[in-house]
Amino acid sequence: MLLSIDSSAGASAALIRDGAPLDAWRTAETSSHAEVLAPAVQRLLTRAGVRGEDLEGVVVGVGPGPFTGLRVGMALAHALAEGWAKPLHGICSLDSLALRATDAGIDGEFVVATDARRREVYWAQYISDDAGSRLQHGPFVAGAGELPDLPAVGAGLGLYPQQLRAAELAEDPTGWVPDAAELGRLAAGALAGDLHGVMCQARPLYLRESDAKVPLQMRPGGVR
């Protein structure tokens with residue numbers, strides 16, 4: 001049993017049992033992570049009759065994502081894993097969309113692109129075949145016009161339809177954002193030895209410097 005959390009775009013949480021989602025929650029809101037994510041996790045545990053001590057680990061999407069939103073999920077996952085004395089597993093949030101594309105039947109090389117604001121996208125290049133999806137390059141942050149000319153999935157498609165080419169799938173991939181349930185499935189597969197190269201350190205992938213700067217008077221040697 002794993003608890004999975006992601007706040008790289010919107011916010012989501014899921015309980016994973018035996019490699020499959022037992023219960024899940026998500027919101028598309030991007031400004032209320034701090035208020036809604038922790039209560040949502042508590043509701044998932046309560047509905048399933050699960051205590052934190054019953055879990056085998058906590059999974060968190062490490063981004064890339066905006067500073068404020070991503071920090072909320074990362075901080076919650078770290079706090080819960082430490083409080084319950086459980087291992088914490090990090091996974092690139094874009095892997096969620098690569099798994100969804102593979103489930104939808106994509107084949108060959110493709111890119112995942114999500115909204116990075118500032119007229120840019122977070123993106124990574126994957127390949128999908130009989131063995132599943134695997135990361136080839138990334139993640140990066142760049143203008144949509146700088147991405148390889150490959151089929152794409154993710155919310156970046158809706159923002160930059162002239163620069164990105166949508167993958168031809170039965171389900172429209174234009175609005176896709178990362179989801180905790182898919183990250184939990186990936187973590188369960190990795191822990192079972194079925195997947196390789198999925199896990200990473202549970203540290204946020206911001207890919208940019210923060211807009212917030214330390215005031216000059218608070219810096220070492222600064223004016224006071």
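The values are calculated or read from the model by the stated rules, or taken from the named source; none is laboratory data. Quick caveat, the model's predicted, so the values are computed rather than measured. Please note: Cβ atoms are built from the backbone with ideal geometry, for glycine as well, and neighbour counts cover all protein chains shown.
Things worth noting here:
- Conditions (1) hydroxyl-bearing (Ser, Thr, Tyr); (2) modelled with pLDDT under 95; (3) over 15 Å from Val177 (Cβ atoms): number failed by Thr46: (2)
- Pair list, Cβ < 6 Å and 6+ apart or interchain, from the stretch 8-22 residues that are within 13 Å of Leu183 (Cα to Cα) to residues that are among the acidic types (Asp, Glu): Ser12/Asp6; Ser12/Asp179; Leu15/Asp23
- Residue within the stretch 186-207 that is at pLDDT 95 or above, under 12 Å from Ala101 (Cβ atoms) and over 14 Å from the mean Cα position of the chain (by Cα) present: no
- Extreme residue, surrounded by the fewest Cβ atoms within 10 Å (Cβ to Cβ), among residues of the stretch 9-19 that are out of contact with any helix residue (DSSP H, G or I) (no Cβ under 7 Å at 6 or more places or on another chain) and among the small types (Gly, Ala, Ser): Gly10
- Of the criteria (1) buried (at least 21 other Cβ atoms within 10 Å of the Cβ); (2) within 19 Å of Ala85 (Cβ to Cβ), which one Gln42 fails: (1)
- Glu82 surrounded by fewer than 17 Cβ atoms within 10 Å (Cβ to Cβ) and assigned by TED's automatic domain parsing to the domain that holds Gly10: yes
- Those strands (runs of 3 or more DSSP E) lying entirely in the stretch 118-162 with at least 1 residues among the charged types (D, E, K, R) and either under 17 Å from the mean Cα position of the chain (by Cα) or closer than 19 Å to Ser8 by Cα (or both): 120-129, 132-142
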